[in-house]
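Okay, so here's the structure we're looking at.
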Amino acid sequence: MTATILVVDDEPDLEELVLQKFRRQIHGGAVTFMFARDGVEALQLIELHPDIDLVVTDINMPRMDGLSLLAKLQQEDEKKSTIIVSAYGDMSNIRIAMNRGAFDFLTKPIEFADLEATIDKTMRHVQMLRETRRRQIEAELANASLSRYFSPQLAKRLAAGSCEADGMEVHWREVATIFTDITGFTSLVEAAAPGVLSELLNEYVTGMTDVVFAHEGTVAKIIGDAIEVLFNAPGDQPDYATRAVACAHALDAWAEEFRERWKARSVNFGATRIGVHAGPALVGNFGGSRFFDYTAHGDTINTAARLEAANKFLGTRICASAAVANAAANFRGRPVGDLILRGRSGPLRAYEPLKAEAFAAAATARYSEAFARLEAGDQGAMPAFAALVGMHSDDPLAGFHLKRLLNGGKGVRMELG
C-alpha cells in the first residue's frame, strides 16, 4: 500500500531534494509525496486529501509555523502522525513539539538516511494505528449487528469473542420461546397514514425488544408486527422458563400501556397476543458465512406461535404451555384446557399466566372450581361458569367455556378454529 507523506517547509530546494532522494521508493509505488510552503497551505491540502498518512514539518515558516500546525492537527478527530524538523540545538521547541503530540523529530541540516529511517518507523506506527482502528470498527459493527438479537450485555460478550464458539453454530438446545402478534394489524396498515404507521411500529418494536433485553432474552425474529423471543440461547439460563413467564407478563403490561397511549391519539392499536412454550429447538446462525441470522426452528417454535393464535379464540392475551408452567418457579395461572393444535399428535395442556394479585383473587378460585367440574365431567360445570360470568362479565376465558358448554361442548379437550 502506498504511503502519502506531506512535507511542509518553505525552503525552495527541499521539494527537489526529497523527490530525488526517494525516487526509487516513489517509482516502486511505496510512497508518494505532497508539499506545502507553510501551515496554512498544509491544512488546505489535508482538507482536500484526508488520506495523507504522515506530516513532516519544519518549525520556522511564514503565516503558520510548525508548532501551530501541530496543535491544529492534534485537534482533529483523526490525528496525523507528525515528524517535526528543527535547527540543531533548538531543544526548547523540540520539547514543545513532543509535548504537543509529535511522533518524532529531526534536526537540520536533514540527513536523508535519518529522514528515511524516521519515516519508515513512523509509517509502521501508522499501520499499527490503522489495524487497531480497523479491528475497532469491525467490533463495533459486530456489536451493532448482535445488538439486534441479544441484550446489550450478551452482545458485548459475543462481539468480544468471550462466549463459546459453538454458541452460534446450529445445534439442538432446550429453550423457552415467546411468540407475539398484534390483533387487527392488517386493518391498521390499510387505514393508517404511512408516517403514523412508521412511528407507531418503530416505537412498538423498540419498546418490546427493550423489555426482552431487560429479561436477557434473545430476539430471534421480527417479521412486521410479530416478534419471536428465545431464552436459554445462546448462553445458558437455568431459569429460562421463569424468565420467559416474567418476560411475557412484562411484554403484556408494556403493550397494554402502549395501546392506551395511542388510543388517546385516536389510533386503534390492537391487543398484543402472546404464546409461551418450552422444549427442544434447532438453534444457531442459519445465515451462513455471509449473513448473520441467529434464529430457531422446530416444533417448539411452531407450538409457541399456535399458542399465541389460540388467544384469539380464548379471549386471553397470554397462553402458556404446561411445559413452561411446570418448569417455571412459583408459576401462577389458571388452566385453559387441553388444546388440539395443528401439527401436534396429542393435546397440549395450556394455562393463562396470572400476576400474583389476580391469582389471589376470589374470582380465580371460583374459576378453578368450575374448571375442576368441567374436567371431571360434572354437570355442575355449566351453572358454575354461568355464575362466574354473571359476577365477572369481563372474564373472557370464563365466557369462552360457558359458550362452549352451551353449544354442547364437554370436557377440557378442545380444538380451536
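Structure above, values below:
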| read-out | value |
| --- | --- |
| Per residue solvent-accessible surface (Å²) - region 1-103, probe of 1.4 Å | 55 Å² |
| Pair-distance profile P(r), taking every C-alpha pair of the chain, with 10 angstrom steps and integer % | 4, 17, 19, 14, 10, 10, 10, 8, 5, 3, 1, 0 |
| Order by protection proxy (mean Cβ within 10 Å, highest first), peptides 363-371, 11-19, 202-210, 241-249 | 241-249, 363-371, 202-210, 11-19 |
| Folded to 0 to 90 degrees: helix 39-48 orientation relative to the chain principal axis, Cα | 40 degrees |
| Per-peptide average of other Cβ atoms within 10 Å, ordering 258-264, 4-10, 175-181 highest first | 175-181, 4-10, 258-264 |
| Size of region 208-299 as Cα extents on the principal axes (Å, biggest first) | 45, 32, 23 |
| Alpha-carbon Rg/Rh ratio, for region 27-88, with Rh computed the Kirkwood way | 0.97 |
| Inter-label distance, nm, simple model (7 Å from Cα along the C-beta direction), residue 387/residue 256 | 2.7 nm |
| Rounded tilt (10° steps) of 112-146 against the dominant C-alpha axis of the chain | 10 degrees |
| Solvent exposure of region 165-255 as accessible area per residue, Å², 1.4 Å probe | 42 Å² |
| Kirkwood-based Rg to Rh ratio, region 161-262, C-alpha trace | 1.04 |
| Over 21 Å between alpha carbons, listed pairs 21/121; 79/121; 79/108 | 79/108 |
| Cα-based convex hull volume of region 254-329 per residue, rounded to whole Å³ | 143 Å³ |
| Protein accessible area in the chain, 1.4 Å probe - carbon and sulfur % | 52 percent |
| Cβ-Cβ FRET estimate between residue 210 and residue 15, R0 fixed at 51 Å, reported to 0.05 | 0.30 |
| Selection from 223, 408, 29, by position along the positive dipole direction of the chain (Cβ) | 408 |
| Anisotropy class of region 1-65 from Cα gyration tensor, a/c 1.5 cut | oblate |
| Rounded tilt (10° steps) of 362-375 against the dominant C-alpha axis of the chain | 60 degrees |
| Accessible area per residue in Å² at 1.4 Å probe, computed on region 303-417 | 50 Å² |
| Once the Cα gyration tensor of region 332-380 is diagonalised, semi-axes √(5λ) in Å | 23, 17, 5 |
| Computed Rg/Rh of region 1-133, alpha carbon atoms with Kirkwood Rh | 0.93 |
| Packing rank of 95-106, 32-43, 308-319, where each peptide gets the mean count of other beta carbons within 10 Å, highest leading | 308-319, 32-43, 95-106 |
| The chain, relative contact order in percent, only Cα pairs under 8 angstrom and at least six apart counted | 10 percent |
| Overall dimensions of region 319-417 as given by Cα atoms, namely Rg and Dmax in Å | 13.4, 38 |
| Modelled FRET efficiency - R0 60 Å, residue 51 with residue 358, Cβ distances, 0.05 increments | 0.40 |
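The values are calculated or read from the model by the stated rules, or taken from the named source; none is laboratory data. Please read all numbers here as calculations on a predicted model, not as lab measurements. Methodologically, a virtual Cβ is constructed for each residue, glycine included, from the backbone with ideal geometry; neighbour enumeration extends over all protein chains shown. Calculation scope for accessible area: heavy atoms of the full protein, side chains included, ligands and nucleic acids excluded. Shrake-Rupley method; radii C 1.70, N 1.55, O 1.52, S 1.80 Å.
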